[in-house]
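This report refers to the structure that appears directly beneath it.
Coordinate-derived values only; no laboratory data. On a predicted model such as this, the values are computed, not experimentally measured, just so you know. Every residue, glycine as well, gets a Cβ built from its backbone with ideal geometry; the counts of neighbours run over all protein chains shown.
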Ligand SMILES: Cc1ncc(C[n+]2csc(CCOP(=O)(O)OP(=O)(O)O)c2C)c(N)n1
Ligand SMILES: [Mg+2]
């Protein structure tokens, strides 16, 4: 099963290498990994989607927690959360099919962000299902290039407020222990 | 505070109580050596960087303090790799500082530049490339803290030459605060109560202890818990010494080459209380057949070890000493007749034996004599091979921090440099290296180091002119076709020792054993005893691949 991990890490050089190296070395399967700054400039957030059974995911979380630069690991798969991906799709768009493509774009509440003589670039955001759906809807026209960001996610409601509050408590550091 | 980065490093070292650094210089690390020269810290110049880490690791294991070593950039740093991995696998606290090319040249493939933080990422607990001298005092302070707390391990600091030479105004922080690193020492009280319950209700418990008990200094509490519960105690290889082997409750080592009765006992116990162990494959035999009747309780300071290899019925994250201290008051004395009687039976039915084969000098016998003559109290370092297993099985360890061996990585060439570290840490103790002709040749250049510092280490070298442990594998698993395991061209080890100014003794017959051991014990000098033994010796027992612990191959006669 696919799990979504929210991982807060020190915003330092080399952290991504440590995390990626850990996954490679221990043979865990990363589906996607997205990383970026948070509201606290010294902390980055990684959203990692990883495939594995319960036991593997438990190990992944514990091993991540062992990295000194990792501040907090949460498996938010079962928590209500908002998960989003962004995709850019460059699709063949001869004049006679443009109308049809624009309809699809409308249905998915996506946007056209670039136009050339015979292609369009479409930008869409949404959860994985929606992104997969728009991709397959556009596929028949011929997708020339595509870039997906991988999922980013936040837990709904008040619970997510951990950055300042709980960081130094024993409980967060050993969360998965 | 007008001091250089390098001087700041030395300042932290002094504050951390460092007395000895093992190392090997070169261009990029010279600022550090320059600052070291003005300090009271003693430097031990080894003959190969790998030995510097091994010696620091032996020092750490014998003393319980953090071992420290220096090396230069490039080849100096890469020569450290095996030593760092060895320390990592056995969770030994070592701080390694490497010189690096100046920051402006990092990433340009400069002369003697190598990405040592990249190389050592998977074999260090943590590592640093220092780019800003202002961060240096904090980093060095953190390195020591990380190395020795929680589950200990090696930490590496890569220090570019210009950073080491820059002015460092930053004071040494008084305390370390790392928000992503808060090891759990105290066990969950509810789980400790559950553990006490489980142990008190158990009819056939075994306490199974590993290196974690020694790392946390829990051996006295372990003894109390074992005696209160009247529970037999088995150990892993690095756990040797955590529980005195001359104690009636001692079972000794379990595992692939464990004591036969210990392996049987584990297969029969109803509660296996593992503490500071990681249930690795050398210990469990076939995982699915391991301890089939047992509820397993597992205490370890590293949450990732719990549930990693075996199914655990009672997980408990915490430091061995803290947990045992909290557990002890919850226990009450138990009378345990049936199980101890059964253990006695197992000891009689499946004793530790080595059969009749072999030559005139039997290594197992020699090690038993050494154990008697030193009353199980010497510090024993070993290399890797058959001799390592014989040392583990036949010496009879009675004190913690006296068995020093590369257990997790199985690194040949570890024993002698580790002995140098151990002897410097504990000069009042007798230090013996139990080694083989193969392994010794990977570290023997350190004879020079030991002579230079007048370290009267005793080397017991079993010469079978072969890599006999590998030969044993070929014997059992590769149709007894012996390839690449025979040495033609071994040196005369006695004369080799003499060439360095050490004492060399050769033993070819059994009656020469005790006089040679005695001479070595009494002469106060660096001494090498070469014992000629047969390459046909086998390490028994041996659990074949895929078999359960109680399905051992034992000697036939
Ligand atoms: C650095 C290293 N290389 C290879 C091995 C594989 N290996 C394990 S035991 C052994 C033989 C060791 O020979 P020796 O030191 O003479 O010990 P013996 O088994 O003969 O007692 C070898 C080659 C190892 N453990 N370490
Ligand atoms: Mg040999």
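Data overview
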| quantity | calculated |
| --- | --- |
| Cα-projected label distance for residue B:452 with residue B:330, points at 7 Å along beta-carbon direction, nm | 5.3 |
| Where a label projected 7 Å from the Cα of residue A:79 along Cα→Cβ would reach, residues of region A:1-17 with amide N under 11 Å | A:5-8 |
| Fully extended contour minus Cα-Cα distance, from residue B:286 to residue B:348, at 0.36 nm per residue | 19.8 nm |
| Ranked B:477, B:414, criterion: other C-beta atoms within 10 Å, fewest first | B:477, B:414 |
| Spatial separation of Cα centroids for region B:303-351 and region B:402-474, in angstrom | 33 |
| Extension reserve of the residue A:96-residue A:31 stretch, reckoned as 0.36 nm per residue once the Cα distance is removed | 19.7 nm |
| Calculated FRET value between residue A:139 and residue B:115, using beta carbons and R₀ = 51 Å, to 0.05 | 0.75 |
| Folded to 0 to 90 degrees: helix A:95-107 orientation relative to chain A principal axis, Cα | 40 |
| Relative exposure of B:296, B:420, B:172, judged by other C-beta atoms within 10 Å (fewest first) | B:172, B:296, B:420 |
| Cβ neighbours within 10 Å from other chains - mean over B:290-303 | 1 |
| Chain lengthening between residue B:15 and residue B:247 when straightened (0.36 nm per residue, less Cα-Cα) | 79.5 nm |
| Cα→Cβ-extended label distance, 7 Å offset, between residue B:475 and residue B:373, nm | 2.6 |
| Between helix A:15-25 and chain A: long-axis angle, C-alpha atoms, 0 to 90°, nearest 10 | 90 |
| Förster radius 22 Å - calculated FRET efficiency between residue B:445 and residue B:487 (Cβ-Cβ, nearest 0.05) | 0.80 |
| Footprinting exposure proxy for B:88, B:482 (fewest neighbouring C-beta atoms within 10 Å first) | B:482, B:88 |
| Scattering profile of region B:306-390 at q = 0.11 Å⁻¹ [log10 I(q)/I(0), Debye over alpha-carbon scatterers] | -0.69 |
| Percent breakdown of C-alpha pair distances by 10 Å bin, ordered from the shortest bin, for region B:184-303 | 14, 50, 33, 3 |
| Estimated FRET transfer efficiency (residue B:337, residue B:193; beta-carbon r; R0 25 Å; 0.05) | 0.40 |
